[in-house]
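Down below is the structure, laid out as structure tokens.
Read-outs throughout are calculated quantities, based only on the coordinates presented, and are distinct from any laboratory measurement. Quick caveat: nothing in here was measured; it's all calculated off a predicted structure. A quick note on method: Cβ atoms are made from the backbone with ideal geometry, for glycine too, and the neighbour counts reach across all protein chains shown.
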Amino acid sequence: MAQAAAKTRVPAVEGWFRMDGDAPHLIGSRCRSCGCVFFPREQTFCRNPDCSGSEFEDVALSRRGTLWSFTDNRYPPPAPYVSPDPFEPYAIAAVELAAERMVVLGQVARGVGVDRLRSGMEMELVLDTLYSDDAHEYMIWKWRPVAA
Ligand SMILES: [Zn+2]
């Protein structure tokens with residue numbers, strides 16, 4: 001009996017994160033003029049209204065942050081978002097990164113419901129499958145409580 005070939009893991013969105021082994025991280029942009037950090041990456045104009053900078057460098061964002069807010073998603077988002085079929089409800093977390101002074105949204109890791117989330121808890125970035133086809137697993141970042 002033929003064994004199913006392992007699927008290749010690829011990012012679901014290109015250029016938003018690095019899939020480095022045990023330490024995946026989001027990729028942001030730091031303005032060379034004012035030092036502000038942005039996510040998703042910024043390539044043209046600094047979003048700081050007091051800055052006219054237009055040069056940016058890629059920076060690895062913090063892999064841990066504080067849970068600022070969260071909610072439950074019980075309905076599949078509209079296309080082009082690809083949802084598993086049948087749809088599995090998931091929690092969405094807004095996590096504050098202290099060093100970058102920004103909030104990054106993401107799904108909460110599979111199996112962690114809102115009943116296990118508390119504002120202020122420490123969250124860690126992990127990678128998980130968003131969806132898959134015959135040859136690939138499409139990976140996305142998710143937030144998971146550090147204690148889990
Ligand atoms: Zn700037």
- Task: Please find, among VAL126, VAL95, the residue that is crowded, with 17+ Cβ neighbours inside 10 Å, under 16 Å from GLY28 (Cβ atoms) and not acidic (Asp, Glu).
- Result: VAL95
- Every listed condition ((1) within 16 Å of the ligand (Cβ to nearest atom); (2) under 14 Å from MET102 (Cβ atoms)) holds for CYS51 save (2)
- Item | Test set (1) within 29 Å of ARG118 (Cβ to Cβ); (2) more than 16 Å from the ligand (Cβ to nearest atom) - VAL10 fails condition number | (1)
- Task: Considering only segment 98-123, state which residues are more than 28 Å from ARG47 (Cα to Cα), surrounded by fewer than 19 Cβ atoms within 10 Å (Cβ to Cβ) and touching an Asp or Glu at 6+ places or on another chain (Cβ under 8 Å).
- Result: ARG110, GLY113, VAL114
- Message: Restricting to segment 12-33, count the residues that are in contact with a Phe, Trp or Tyr (Cβ under 7 Å, 6 or more places away or on another chain) and assigned to a loop (DSSP other than H, G, I, E, B).
- Response: 3
- Scan segment 17-43 for residues that are of a type in the set (A, V, I, L, M, F, W, C), touching a residue at least 60 places away in the same chain (Cβ under 8 Å) and more than 14 Å from the ligand (Cβ to nearest atom) and report the count. 4
- Item | Test result for TYR138, more than 11 Å from the chain's Cα centre (by Cα) and in a strand (DSSP E or B) | yes
- Query: Is it true that ALA98 is in contact with a Phe, Trp or Tyr (Cβ under 8 Å, 6 or more places away or on another chain) and away from the ligand (no atom under 16 Å from the Cβ)?
  - Reply: no
- Task: Mind counting the residues in segment 86-124 that are part of a loop (DSSP other than H, G, I, E, B), of a type in the set (Asp, Glu) and under 17 Å from ARG63 (Cα atoms)?
- Result: 1
- Task: Scan (1) surrounded by fewer than 17 Cβ atoms within 10 Å (Cβ to Cβ); (2) in contact (Cβ under 8 Å) with a residue 24 or more places away in the chain for the single condition TYR81 breaks and write down its number.
- Result: (2)
- Could you check, for segment 55-63, whether at least one of its residues is loosely packed, with under 15 Cβ neighbours inside 10 Å, within 15 Å of the chain's Cα centre (by Cα) and away from the ligand (no atom under 16 Å from the Cβ)? yes
